[in-house]
1. Just to be sure, is Pro78 over 16 Å from the mean Cα position of the chain (by Cα), within 28 Å of Asn363 (Cα to Cα) and either open to solvent by 10 Å² or more (accessible area, probe 1.4 Å) or not aliphatic (A, V, I, L, M) (or both)?
2. Scan the range 77-110 residue by residue and report those that are under 18 Å from Ser27 (Cβ atoms), assigned to a helix (DSSP H, G or I) and out of contact with any Phe, Trp or Tyr (no Cβ under 9 Å at 6 or more places or on another chain).
3. Can you pull out the residues in the range 252-285 that are surrounded by 16 or more Cβ atoms within 10 Å (Cβ to Cβ), closer than 22 Å to Ser72 by Cβ and of a type in the set (Phe, Trp, Tyr)?
4. So which helices (runs of 4 or more DSSP H) stay within the range 298-390 end to end and still have 2 or more residues that are open to solvent by 50 Å² or more (accessible area, probe 1.4 Å), under 27 Å from Pro97 (Cα atoms) and not β-branched (Val, Ile, Thr)?
Amino acid sequence: MTLLTICIPTRNRQRYAMDAVRHMLASERQDFEILLGDNSDDASVLADFAAQMNDSRLRLLAPESKPLSMRSNWERMPPHASGEWVSFMGDDDYIDPELCEALRVTSKRVPKVDAFSWGRSHFVWPEARTHREFTSLPTGSHLAHLTKEDLMRKMFFWEDAKDRPKCSFGAYHGALKKDLMERIRDAFSNRYFEHPNVDYDSICKTVMMADLCIYWERPLSVSGACKVSNSMGLRDPDLGKQHLKAFMEENDGELEARDFPFPIGLGITSSVGHTIEWFKQRYGIELNGWEDNFIAACVKDCELQANRAWFDQKKAGYAAAIESWRGTKALKQFNPVYKFRSDVPRFQGHTDAQLHFDMAIGNTQTAAEYYELIDSMLFPVRLLESRLAS
């Protein structure tokens, strides 16, 4: 029986996807499968790779007659998943097949669980680094049940948000029961993914539809950022404009919410804000009391900038949008301060259940290699059941 399907949609970034697949298939587990959704211009690269791997746990969806949007490539994958659970990752990311063990043990302990999430780890591929990169790693290993009310506040009211909502329950770097995904499709216009910002579209729907959400503090995957990834565009406004232009040329969905005057390419806060507002407008969800938290997230988006010119540019953009949206009085809540200090060494060490360290540790070259490194530091997944039983 296939417990988990790991979906990897990819377009013209075959070498990243192949590296992740090779490492996953090195696992001795037989209860997972990998579904590659190839949307590349050259179908032969991944077709040859799949034939070479010759592993029944790897299945390939070939490109269609013309390139698909990201949304449409994601959309075509769940019907082909044979796993009881479904998870999505980017082609420059990595997911540990031992996620199966966490799902097995959690389902045994909490039979009604239908959405599962875990701590995040981030990796910038060496080719994309222009300076020393530091990262943080959650070191806890507790399982927690998050109520729908908690998740609604975090997602739709931006409670405790930094530059984006503090809510990770969705198909992307999360795992959803296949049954839950079918219920999501039935409830929302017969689609799994509607908004082009597919990861946050999935979170909106999961928060609304999931029966029971369990979070494990321990990281089980790596969110990667290669040189051509969308996440690199968040660091460089010029690169971000290029990525947004390419994304818009292939987009086949409605991207912007009505009467929400934040430029879609302004920053991650603006982008996620459009996704949430579009979802609320689409399904007639009216909520009040989230606006101040959203403005606070706009402040965070500015303050995370490590370049003064980019900070000033982003601050001016958000200020103009906030004034147009909520009026001059709202600007009193928007007062970002440039905080980056190049002369102050970045903290390395352990604090607040987070380990902070230089990403170059171990000289790992790929997201999969990086995961193997941090996996050796963390609570062993295989001991989860014995820990819960004690």
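1. When the stated conditions are applied, Pro78 does not pass them.
2. Glu101, Arg104, Val105
3. The answer is Trp278, Phe279.
4. 367-375, 384-389
The values are calculated or read from the model by the stated rules, or taken from the named source; none is laboratory data. This one's a predicted model, so the numbers in the text were calculated from it and none came from an experiment. Quick reminder, even Gly has a Cβ in these numbers, built from the backbone with ideal geometry, and neighbours come from all protein chains shown. Surface areas here come from the heavy atoms of the whole protein model, side chains and all, with no ligands, DNA or RNA. Shrake-Rupley method; radii C 1.70, N 1.55, O 1.52, S 1.80 Å.
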